[in-house]
1. Calculate how steeply helix 4-30 sits against the longest principal axis of the alpha-carbon atoms of the chain, using the helix alpha-carbon long axis, and give the answer as 0 to 90 degrees to the nearest 10.
2. Rounded to the nearest percent, how much of the accessible area of the chain (1.4 Å probe, protein heavy atoms only) is carbon and sulfur?
3. Nearest 0.05, what FRET efficiency do Phe79 and Phe30 give at R0 = 30 Å with Cβ-Cβ as r?
4. Going by the alpha-carbon gyration tensor, a ≥ b ≥ c the square roots of its eigenvalues, is the chain rounded (a/c under 1.5) or, if a/c is not under 1.5, prolate (a/b greater than b/c) versus oblate?
5. Based on Cβ point charges of +1 for Lys and Arg and -1 for Asp and Glu, what charge dipole magnitude is obtained for the stretch 1-80 about its Cα centre, in debye rounded to the nearest 20?
6. Once R0 is set to 22 Å, what does the formula 1/(1 + (r/R0)^6) return for the Cβ-Cβ distance between Ile2 and Val53, expressed as a FRET efficiency to the nearest 0.05?
7. Could you check the spin-label model distance between Leu68 and Ser41? Points 7 Å from the Cα along Cα→Cβ, value in nm.
8. Considering the alpha-carbon set of the stretch 1-42 alone, what are its Rg and its Dmax in angstrom?
Amino acid sequence: MIERALLLIILLRFISGSIEITAAALMFKFNDLEKAFYINSLLALVGPFILIVTTGIALHGLTEKVSLVRMICLFAGIFLILYSLKSE
C-alpha cells in the first residue's frame with residue numbers, strides 16, 4: 001500500500017513534468033525566442049513552488065521521524081537555494 005503523502009508527491013511531480021513538456025512543445029510550436037523566453041520565465045515560478053510544496057508534504061508525512069532541528073535546517077536550505085537563484 002502506498003502512503004498518501006508519497007502519492008501526492010508523485011502526482012505533483014507528474015503534473016510538474018507535464019507542465020515542462022507542454023512548455024517545451026509550446027516553445028517549439030511558436031518558434032520565437034521572445035515567446036520561449038516568456039514561457040521559460042513562467043516555468044521559473046512553477047519549479048520552486050513544486051519544490052516547496054513537495055518538501056512540505058514529505059515533512060508532514062515524516063513529522064514523527066524527523067526532529068524539529070532537521071526540519072528547520074531543511075527549510076533553511078530550501079530558502080538558501082531560492083535566495084541564491086534571485087541574488088546577483
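The values are calculated or read from the model by the stated rules, or taken from the named source; none is laboratory data. Just so we're clear, the structure is a prediction, and the values are computed from it rather than from any experiment. Positions of Cβ are generated from backbone atoms using ideal geometry, with glycine treated the same way; all protein chains shown enter the neighbour counts. Each accessible area value is taken on the protein alone, full model and side chains, heavy atoms only, with ligands, DNA and RNA left out. Shrake-Rupley method; radii C 1.70, N 1.55, O 1.52, S 1.80 Å.
1. The two axes meet at around 10 degrees.
2. Details: 5160 of 7260 Å².
Heavy-atom surface of the chain belonging to carbon and sulfur, 1.4 Å probe: 71 percent.
3. Working: r = 34 Å, r/R0 = 1.15.
Taking R0 as 30 Å, the efficiency between Phe79 and Phe30 is 0.30.
4. Values: a/c = 6.18, a/b = 1.64, b/c = 3.75.
It comes out oblate by the Cα gyration axes.
5. Working: 6 positive and 5 negative charges, 31 e Å.
With only Lys, Arg, Asp and Glu charged at Cβ, the dipole is about 140 debye.
6. Values: r = 18 Å, r/R0 = 0.84.
Computed FRET efficiency for Ile2 and Val53 comes out at 0.75.
7. Simple spin-label model gives 4.2 nm for this pair.
8. Spelled out, the Cα radius of gyration and Dmax of the stretch 1-42 are 14.5, 46 Å.
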